[in-house]
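> To start, I am sharing the structure in question, which I have written as structure tokens.
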Amino acid sequence: MKETPRHLLDLDQFSLIERLTEAGLERFRVDQILGWVYRRRARSFDEMTNLSKTLRLQLAERFDLYTSEIERRQTSTDGTFKLLLRWPDGATSECVMIPQDTRRAVCVSTQVGCPVGCAFCASGLDGLERSLTSGEIVEQAMQTYLQLPEDQPLTHVVFMGIGEPLANYDATVSAVRTLNADWGLNIGARRITISTVGLPRQIRRLAEEGLQVGLAISLHAPNDELRREIIPWAERTSIDDLVEAGRHYFDRTGREVTLEYVLLGELNDRPAHAKQLAAVARGMRCNVNLIRYNGVSDLPYRRPGSEATHAFLEVLRKAGVNAHIRASRGMDIEAACGQLRRQRGDL
Ligand code: SF4
């Protein structure tokens, strides 16, 4: 019986060695294959010219290298571009490349749709369709990387697209390992960031993985009451629990946590909110990233004015908090934070 092809990007070095050496292949051939995939960016087995034609055919019968089709590419006036990928089951994912000076960061999704349903976010409007596999997460980084000129390496990966990475824990951690491994994309763990709405148990688990990835907690409100109004999953936890988990993460990894705070005009952007946020931030080693809300049609939230934004920042800084305003990139192609949408069949 013919074996169903497996997504090669789903496999780590160990599993690939196991499968191929069992089939009689020498170990160095596995290194060659991985070199072709991640360093030389081969798009098909056919391009792996130092492998025999028979072996290339056997590999193509046994594995799929890429499984998605690029359905659309949109490029912003600021150089950011967004890819819409369609998977074989018809589900779609969006991933975004954000170039800045020598930095080229890809933002990947971890789920199709999002189960969290934050009130202000386009990505969670229709709930969760399914989680992505590790290979599908890696494939987003690779498909984006393939779009870059040969002399431009991918330098950073942020897990800030659609979905809650820690609700798809195993696939997320496995993808991080492939992105980080020297046999994989070889991107330093310090250049990989996982952004979570804040699941304390999973944050503690991540702290024990021996990875030094950055952790960003999407706080978005400085007290539990307001947080629960805009983030349904905040009902499951409290800001105090998140601060505890953030402290644990720092203790175990030495990585300062980032608190993400989306400023929603006249909802959470008052000086009193900034004071409360400063008190939260002082509870752990962290920095605060302020994001001015990027408008989403159909949702009633507003982007705050620049005066209110700077006043908020000043309150934080005066309280001794390391805080910054994050520039919004790719707004004209709806690629900025919270603007990614789950695309359905009616494109
Ligand atoms: S902000 Fe993040 S966690 Fe919240 S609905 Fe959007 S994608 Fe999901």
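The values are calculated or read from the model by the stated rules, or taken from the named source; none is laboratory data. Given the structure is predicted, the values throughout are model-derived calculations rather than measurements. All Cβ positions, even for glycine, are placed from backbone atoms using ideal geometry, and neighbour counts span all protein chains on display. Calculation scope for accessible area: heavy atoms of the full protein, side chains included, ligands and nucleic acids excluded. Shrake-Rupley method; radii C 1.70, N 1.55, O 1.52, S 1.80 Å.
> From the list 126, 170, 101, exactly one residue is open to solvent by 30 Å² or more (accessible area, probe 1.4 Å), within 13 Å of the ligand (Cβ to nearest atom) and acidic (Asp, Glu). Which is it?
Details: 170 fails: within 13 Å of the ligand (Cβ to nearest atom); 101 fails: within 13 Å of the ligand (Cβ to nearest atom).
The unique qualifying residue is 126.
> Is it the case that residue 203 is in contact (Cβ under 8 Å) with a residue 40 or more places away in the chain and within 13 Å of the ligand (Cβ to nearest atom)?
no
> All but one of (1) over 30 Å from residue 38 (Cα atoms); (2) in a loop (DSSP other than H, G, I, E, B) hold for residue 242; which doesn't?
(2)
> Would you pick out the residues in region 106-123 that are more than 7 Å from the ligand (Cβ to nearest atom) and touching a Pro at 6+ places or on another chain (Cβ under 7 Å)?
First pass over region 106-123, keeping only residues more than 7 Å from the ligand (Cβ to nearest atom): 106-113, 115, 119-120, 122.
Passing the criteria: only 110.
> Which of the numbered conditions does residue 163 fail, given that it passes all the others? Conditions: (1) on the phi < 0 side of the Ramachandran plot; (2) modelled with pLDDT of 95 or more; (3) within 12 Å of the ligand (Cβ to nearest atom).
Going through the list (1) on the phi < 0 side of the Ramachandran plot; (2) modelled with pLDDT of 95 or more; (3) within 12 Å of the ligand (Cβ to nearest atom), residue 163 breaks only (1).
> Also, quick follow-up: Go through 19, 56 for me and flag whichever is at pLDDT below 95 and either in a strand (DSSP E or B) or surrounded by 14 or more Cβ atoms within 10 Å (Cβ to Cβ) (or both). Explain how you work it out, then say what you get.
Working: 56 fails: at pLDDT below 95.
Criteria check complete, one pass: 19.
> While we're looking at this one, here's another question. When only residues in region 329-341 that are open to solvent by 40 Å² or more (accessible area, probe 1.4 Å) and either more than 29 Å from residue 75 (Cα to Cα) or assigned to a loop (DSSP other than H, G, I, E, B) (or both) count, which is modelled with the lowest pLDDT?
So in region 329-341, the residues open to solvent by 40 Å² or more (accessible area, probe 1.4 Å) come out as 329, 331-332, 334, 337, 341.
If we keep only those that are either more than 29 Å from residue 75 (Cα to Cα) or assigned to a loop (DSSP other than H, G, I, E, B) (or both) as well, we get 329, 334, 337, 341.
On the way: 329: 80, 334: 74, 337: 64, 341: 67.
Applying the filter and picking the extreme gives 337.
> Could you tell me whether any residue of region 27-42 is open to solvent by 60 Å² or more (accessible area, probe 1.4 Å) and assigned to a loop (DSSP other than H, G, I, E, B)?
There is at least one residue in region 27-42 that is open to solvent by 60 Å² or more (accessible area, probe 1.4 Å) and assigned to a loop (DSSP other than H, G, I, E, B).
> State yes or no: is residue 239 at negative phi and within 20 Å of the chain's Cα centre (by Cα)? Walk me through it before giving the result.
Values: at negative phi: yes; within 20 Å of the chain's Cα centre (by Cα): no.
In short, no.
> Okay, moving on. Which members of region 79-98 meet the condition of being touching a residue at least 40 places away in the same chain (Cβ under 8 Å), crowded, with 17+ Cβ neighbours inside 10 Å and in a loop (DSSP other than H, G, I, E, B)?
Result: 80, 87.
> Out of region 288-322, which residues are open to solvent by 10 Å² or more (accessible area, probe 1.4 Å) and among the polar types (S, T, N, Q)?
Passing the criteria: 289, 297, 306, 322.
Every residue, every condition in (1) away from the ligand (no atom under 11 Å from the Cβ); (2) not aliphatic (A, V, I, L, M), yes or no:
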{"residue": "141", "(1), (2)": "yes, no"}
{"residue": "144", "(1), (2)": "yes, yes"}
{"residue": "189", "(1), (2)": "yes, no"}
{"residue": "196", "(1), (2)": "no, yes"}
{"residue": "210", "(1), (2)": "yes, yes"}
{"residue": "226", "(1), (2)": "yes, no"}
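> Given the structure, is residue 178 open to solvent by less than 20 Å² (accessible area, probe 1.4 Å) and not acidic (Asp, Glu)? Explain how you work it out, then say what you get.
Details: open to solvent by less than 20 Å² (accessible area, probe 1.4 Å): yes; not acidic (Asp, Glu): yes.
Yes, satisfied.
> Same structure again: Go through the residues of region 272-285 one by one and say whether even a single one is open to solvent by less than 30 Å² (accessible area, probe 1.4 Å) and in contact (Cβ under 8 Å) with a residue 60 or more places away in the chain.
Going through region 272-285, the residues open to solvent by less than 30 Å² (accessible area, probe 1.4 Å) turn out to be 274, 277-278, 280-281, 283-284.
From the residues that got through so far, the ones that are in contact (Cβ under 8 Å) with a residue 60 or more places away in the chain too are 280.
Yes, some residue in region 272-285 is open to solvent by less than 30 Å² (accessible area, probe 1.4 Å) and in contact (Cβ under 8 Å) with a residue 60 or more places away in the chain.
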